[in-house]
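*Asks:* Quick one: the structure is below, and I'll ask about it shortly.
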Amino acid sequence: MSARICGTAAEAVAEVADGATVLVGGFGMAGMPVGLVDALLEQGASELTVVSNNAGNGDTGLAALLARGRVRKVVCSFPRQSDSWVFDDLYRSGRVELELVPQGNLAERMRAAGAGIGAFFTPTGAGTQLAEGKETREIDGRTHVLEHPIRGDVALIAAHRADRKGNLTYRKTARNFGPVMATAARHTVVQVGQVVEVGTLDPESVVTPGIYVDRVVSL
């Protein structure tokens, strides 16, 4: 199968539905699919659950999506930063839900979804409020917490280059959550800097195989 190469970001996100769980790549602004998030803002989907490392920066991107009232729930590791005033105001006023997930758990829960793992035990979060209501087990003398996969209806990620079959390469820290999100979603949309012909990419450099990619747009 070949990924669909889209002419615009609007075309790439056209099928995101109301109520979808959307995985959004990026570590702060590194690897953030800004063009796709802006297109989703214009597309109009609402009641979204957004899974991302943080809850938006300043007034653009994810923050703008939140400000427009499009997001019902945020699942993230770092909801509060010096420039996360949009989320902070919405959360304090009860207009958005939050599920706080330690960063390693966030990555592993999505990796588990892509790998077909039903659940896993981890010591991270044991003995804290994050473990309340969850099954625990002592393993090798340490308390572990049972965590379940995070699956997305759609993943919006950014990569460096793609070929016409959707194989992806990433650049340095912009790689972050993109690879695990691509495998954890039913539908993966990718923003790249360049689309190249099949055979151009060194197979040893491909991180995300095209089988996980549905749409690609060069922005």
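*Asks:* Can you tell which of V13, S93, A126 lies farthest toward the positive end of the dipole of region 1-148, using +1 and -1 charges on the Cβ of basic and acidic side chains (Lys, Arg; Asp, Glu)?
*Replies:* Toward the positive end, the furthest listed residue is A126.
*Asks:* Go ahead and estimate [θ] at 222 nm for the chain from helices alone: -39,500 (n - 2.57) per DSSP H run with n ≥ 4, summed, over the residue count, rounded to 500. Display every interim value, and only then the final one.
*Replies:* Values: 6 runs with 48 residues, N = 219.
Only helices count here, giving -6000 deg cm²/dmol.
*Asks:* Assign unit charges at the C-beta atoms only (+1 for Lys and Arg, -1 for Asp and Glu), then state the dipole size of region 148-219 relative to its Cα centre in Debye, rounded to the nearest 20. Present the calculation step by step, with values, prior to reporting the outcome.
*Replies:* On the way: 9 positive and 6 negative charges, 36 e Å.
Here the size comes out at about 180 debye.
*Asks:* Between R171 and V207, what is the spin-label point distance in nm, taking each point 7 Å from the Cα along the Cα→C-beta axis?
*Replies:* Distance between label points: 1.2 nm.
*Asks:* Please pull out the direction-averaged projected area of region 10-98, using the convex hull of its alpha-carbon atoms, in nm² to one decimal place. Present the calculation step by step, with values, prior to reporting the outcome.
*Replies:* Numbers: hull surface 19.4 nm².
One quarter of the hull surface, i.e. the mean projection, equals 4.8 nm².
*Asks:* Taking the Cβ of A64 as the center, what net charge do the other residues with Cβ under 12 Å away carry, scoring Lys and Arg +1 and Asp and Glu -1? Don't jump to the answer; show the numbers that get you there.
*Replies:* Numbers: positive: R68, R70; negative: D38, E42, D59.
Around A64, the charge tally is -1.
*Asks:* From Cα pairs below 8 angstrom and at least 6 apart in sequence, can you work out the relative contact order of region 97-219, rounded to a whole percent? Before the final figure, lay out each step's value.
*Replies:* Values: 237 pairs, mean separation 31.1, N = 123.
RCO, region 97-219: 25 percent.
*Asks:* Collect residues whose amide H, placed 1.01 Å from N in the peptide plane, falls under 5 Å from the amide H of H144; neighbours closer than 5 in sequence don't count.
*Replies:* R137, E138, I139
*Asks:* Can you put K165, K172 in order of Cβ neighbours within 10 angstrom, beginning with the fewest?
*Replies:* Working: K165 18, K172 9.
Taking fewest neighbouring Cβ atoms as first place, the list is K172, K165.
*Asks:* Can you compute the charge dipole magnitude of region 104-209 about its Cα centre, using +1 on each Lys and Arg Cβ and -1 on each Asp and Glu Cβ, nothing else charged? Give it in debye, rounded to the nearest 20.
*Replies:* On the way: 13 positive and 11 negative charges, 55 e Å.
With only Lys, Arg, Asp and Glu charged at Cβ, the dipole is about 260 debye.
*Asks:* When Lys and Arg each count +1 and Asp and Glu each count -1, what net charge do the other residues less than 14 Å away from G104, Cβ to Cβ, add up to?
*Replies:* Values: positive: R109, R111; negative: E108, E147.
Its environment carries a net charge of 0.
*Asks:* Using +1 at the C-beta of Lys and Arg and -1 at the C-beta of Asp and Glu, which of F78, V192, T49 has the Cα lying farthest in the positive direction of the dipole of the chain?
*Replies:* V192
*Asks:* Over the chain, what is the relative contact order in whole percent, taking alpha-carbon pairs under 8 Å and six or more residues apart?
*Replies:* 25
*Asks:* So, one more: Would you kindly state how much longer the chain becomes between A119 and S2 on full extension, computed as 0.36 nm times their sequence separation minus their alpha carbon distance, in nm to one decimal?
*Replies:* Working: separation 117, 0.36 × 117 = 42.12 nm, distance 3.13 nm.
39.0 nm is the gain from fully extending A119 to S2.
*Asks:* For the chain, what proportion of DSSP beta bridges, expressed in % and rounded to the nearest 5, is antiparallel? Present the calculation step by step, with values, prior to reporting the outcome.
*Replies:* On the way: 12 of 44 bridges.
Bridges in the chain that DSSP calls antiparallel: roughly 25 percent.
Coordinate-derived values only; no laboratory data. Remember, it's a predicted structure, so these values are computed and weren't measured experimentally. Using ideal geometry, Cβ is built from the backbone for each residue, glycine included, and neighbour counts are taken over all protein chains shown.
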